[in-house]
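Data block below; observations after.
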Amino acid sequence: KKIIVATKNKGKAKEFKEFFASFDIQAISLLDLPESIPDIEETGTTFEENAALKAEQISERFNTAVIADDSGLIIDALNGRPGLFSARYAGEPTNDQANIDKVLQEMQDVPDQDRHARFICVLAIAQPGEETTFNTGYCEGYIHRNQKGDHGFGYDPIFIPKGYDVTMAELDPDKKNQISHRKNAIDQLEKWLHTL
Ligand code: ITT
């Protein structure tokens, strides 16, 4: 069994492969396809809209069920930024290190008790002839004062999940996959995955 995951993000693609392997499903990302897929412009104003744009365009192209992930980091002290703009917070093209540097700099004077943040993951499933469906997962935590660890991707080196004293990038990847926003969203797909 196979499913296309409409992502070009290497970190996401790796995690989807790991999650879906446990359902005996092979996750095929856009990076795995022989043809190069043009970038999809994320013009939506919500995570749902952007996830739907990605899932629907790729589903139409291949006439098959497609899952897409729109995700990001929401920081209270920054009024929800980087939010929808998490991937390109420090500019185009995506540069995880530049994004981390920008957040750490903006959070420099924020006291410990005000450093709450959450990761969000919105999954859209598009299928030919059907309404697109959505599932959302969160992971609560705090923004650390410097970066630590080199697992994962994106903002993992500065995010301390609630109840832990290490960053997401210091956790074993299997552990991240037990507590992450992506895991919490994928859990809600369990029934649907069994119908594939
Ligand atoms: P695709 O659209 O091709 O899937 P993208 O990286 O552009 O890739 P998004 O627009 O959804 O995807 O941006 C998500 C960004 O949010 C991502 O680049 C990271 O900076 C951040 N992010 C999402 N999930 C994360 C995670 O598990 N750990 C750390 N950062 C994460």
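State whether one or more residues within segment 121-137 are under 20 Å from Gln26 (Cα atoms), surrounded by 17 or more Cβ atoms within 10 Å (Cβ to Cβ) and out of contact with any helix residue (DSSP H, G or I) (no Cβ under 9 Å at 6 or more places or on another chain).
No.
Please tell me if Phe119 is among the aromatic types (Phe, Trp, Tyr), away from the ligand (no atom under 13 Å from the Cβ) and at pLDDT 95 or above.
So Phe119 does not fit the description; no.
Looking only at segment 57-74, filter to residues that are more than 18 Å from Ile25 (Cα to Cα) and part of a strand (DSSP E or B); which one of those is farthest from the ligand (Cβ to nearest atom)?
Ile74
If you take the residues of segment 1-25 that are surrounded by 12 or more Cβ atoms within 10 Å (Cβ to Cβ) and more than 13 Å from the ligand (Cβ to nearest atom), which of them is modelled with the lowest pLDDT?
The residue in question is Phe23.
All but one of (1) more than 9 Å from the ligand (Cβ to nearest atom); (2) charged (D, E, K, R); (3) crowded, with 17+ Cβ neighbours inside 10 Å hold for Arg182; state the number of the condition that does not hold.
Only one criterion is unmet by Arg182, namely (1).
Among the candidates Gly141, Gly149, which residue alone is in contact with a Leu (Cβ under 8 Å, 6 or more places away or on another chain), closer than 24 Å to Asp174 by Cα and within 14 Å of the ligand (Cβ to nearest atom)?
Result of the check over Gly141, Gly149: Gly149.
Could you say which residue among Gln147, Gln113 is of a type in the set (S, T, N, Q) and surrounded by 15 or more Cβ atoms within 10 Å (Cβ to Cβ)?
Selected residue: Gln147, the only one of Gln147, Gln113 that is of a type in the set (S, T, N, Q) and surrounded by 15 or more Cβ atoms within 10 Å (Cβ to Cβ).
Which one of Ala77, Ala90 is crowded, with 16+ Cβ neighbours inside 10 Å and not in a helix (DSSP H, G or I)?
Only one candidate passes the filter, namely Ala90.
Out of the residues in segment 165-176 that are touching a residue at least 12 places away in the same chain (Cβ under 8 Å), over 21 Å from Pro82 (Cα atoms) and part of a loop (DSSP other than H, G, I, E, B), which is nearest to the ligand (Cβ to nearest atom)?
Leu171
The values are calculated or read from the model by the stated rules, or taken from the named source; none is laboratory data. Since the structure is predicted, the reported quantities are computational estimates derived from the model, not experimental observations. Positions of Cβ are generated from backbone atoms using ideal geometry, with glycine treated the same way; all protein chains shown enter the neighbour counts.
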